[in-house]
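The values are calculated or read from the model by the stated rules, or taken from the named source; none is laboratory data. As the structure is a computational prediction, the values presented were derived from the model and not from experiment. Reconstructed Cβ throughout: ideal geometry from the backbone, glycine too, with neighbour counts over all protein chains shown. Accessible surface areas use protein heavy atoms only, side chains included; no ligands, DNA or RNA. Shrake-Rupley method; radii C 1.70, N 1.55, O 1.52, S 1.80 Å.
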Amino acid sequence: MKTEQSKLDRRAFFKLGGTAALGLAAAGCGSKPEAQSDPVAAAEPAVAKVTRHRRLGRTEFQVSDLGMGCGSIADPNVIRYAYDHGINCFDTAESYGNGDSETKIGQAMQYMDREKIFIVTKMGIDEYPDEQEIIDRYMKSLERLQTPYADALYMHGIADVKLITHEPFHIAVAKLKADGRLKHAGISSHGPRGDEPDSMEKVLGLAAEDGRFDVMLLSYGFTNQEEGENILKVCKDKDIGTTIMKSVTGLLEMPVLDPDNPSEQVQGWIDYVMGTGATREEAIERIRTYMERQKPEFEKGVAAAKPFMEKHGIKTQDELDYASLQWVLRNPDAHTIVPSMPNFDMLDKFLPLSGTEISDSGARLLEEYAAAYAARDCRFGCTECFGACPEQLPVSTIMRYAYYYQKQGRQKHAMQKYAKLGARNAGVCLDCDAPCVGACSRGVAVPARLFEAHGLLTMA
Ligand code: SF4
Ligand code: SF4
């Protein structure tokens, strides 16, 4: 009911001038409305606002504890809505939607007080670009963002420590800073990826030692406590600002595996197998055989989750998501979390969490959950089971793409990333004897989870 009300109020906002105002902005005719006369503020009822800020390390910026991951933004009004509700940190990248995320932020820029927001953009440097290419690409990011400067430029998704000292990046950053085009250098890491083997902890630890990065983006949550906390400690010692991703962890719902009455996901599997030349009946039969083989692993996962859920009365995925974020919010060394919030509903869902934190007993529950249910959560950046797979599938990378799909609402992005893996995809698991079973010390059912991810990521 509340969601319906919010949607109506947002419609009223657009009617009153929200969308039209953005049109004016694009034409260069708009002026920043005062907060009091802002139709967003006028139309919205008591939607929660950000209530807590933290110092973002040596950048000295007072950042909202809830920031915004801008991986997939369909509508610039979502950015404006976030800003009007107190979010002041926007995390984007050149690669998000091939620049579309930056463009959407740019379309909302005239409605935000530039000095009161912190804009992060990121650049992949795996191909070792030279200084001029870095400057040119960055200037295009600024154009899309419609701003004369970004607050931070991150090396994006670093999984090879050699890139940390890629001098053309640092020379370009120094020049951009001198020209007033950039304030800080930063770095993000998910840990190992494909042939790049370095862990998130190793990458960010060495980056902190390097001394040239003022702010970092890392994954940290109750199922990835130790590695995240080790990095946060180093950052605290060096006074580096920390932004946190992938905190919404834990999946309670098992997929319904009924090929005769297929869910979207199962239909994705059927489509994939049919794409290899099988008839629909043959595809269903192959999947049924595969699922029978994997059944014990699935049942183990369900059995681990059930007592925990019953004992603590956790019934919905939302309840678990709130608790996951509040678990991170209780740590003052995690300066801002930037969950992906691609739409109004996600903002309404997470905004009330600002200023809150999980209680001690709640944290204990989550830690209990992590221990009991670890078998459902592949640890981002882990490489432990790689050696067991004759196909050399990048297991944790594929699971991460499934996370983008399921937990971040970034279906298109996830599918595009997965398609780029080419033949190294989890479709091969269907016909494999699965020597990887038992290779994960956390107990993740590797083939079952991979094929589940494959079904999601290959849906047409
Ligand atoms: S399945 Fe287990 S061993 Fe394999 S990458 Fe994930 S957490 Fe690591
Ligand atoms: S089932 Fe998949 S992940 Fe496991 S060994 Fe076979 S191809 Fe590799």
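Between the stretch 110-142 and the stretch 396-447, the C-alpha centres lie 30 angstrom from each other. Over all other residues within a Cβ to Cβ distance under 13 Å of residue 245, the charged ones net out to +4, with Lys and Arg as +1 and Asp and Glu as -1. Which pairs in the list 122/417; 246/349; 122/175; 116/412 are over 20 Å apart, alpha-carbon to alpha-carbon? Checking Cα-Cα distances, 116/412 exceed 20 Å. When the P(r) of the stretch 91-152 is calculated, the portion above 16 Å amounts to 40% of the C-alpha pairs. Its Cα gyration tensor gives the stretch 322-460 an equivalent ellipsoid. The semi-axes, each the square root of 5 times an eigenvalue, are 31, 20, 11 Å from largest down.
In this structure, the amide hydrogen of residue 242, modeled 1.01 Å from its nitrogen in the peptide plane, lies closer than 5 angstrom to those of 57, 216, 335, 336, counting only residues at least 5 positions away or on a different chain.
For the stretch 379-460, the mean projected area of the C-alpha convex hull, equal to one quarter of the hull surface, is 5.0 nm². Less than 14 Å from a label point 7 Å out along the Cα-to-Cβ axis of residue 276: which backbone N atoms in the stretch 425-441 qualify, by residue? Output list for this probe position: 425-434.
The simple Förster model, with R0 at 22 Å and r as the Cβ-Cβ distance, assigns residue 230 and residue 62 a FRET efficiency of 0.25.
Hey, could you get me the Stokes-Einstein D for the stretch 132-253, Kirkwood radius over alpha-carbon pairs, 37 °C and 0.692 mPa s, rounded to whole µm² s⁻¹? Walk me through the numbers on the way to the answer.
Details: Rh = 15.2 Å.
For these conditions, the coefficient is 216 µm²/s.
Between the beta carbons of residue 421 and residue 367, assuming R0 = 35 Å, the FRET efficiency works out to 0.55 to the nearest 0.05. Share of carbon and sulfur in the accessible area of the stretch 101-192 stands at 50%, probe radius 1.4 Å.
Just subtract the alpha-carbon distance of residue 140 and residue 174 from 0.36 nm times their residue separation and send over the number in nm, one decimal.
So the extension gain works out to 10.5 nm.
The modelled label-to-label distance between residue 127 and residue 319, using points 7 Å beyond Cα along the C-beta direction, is 4.9 nm.
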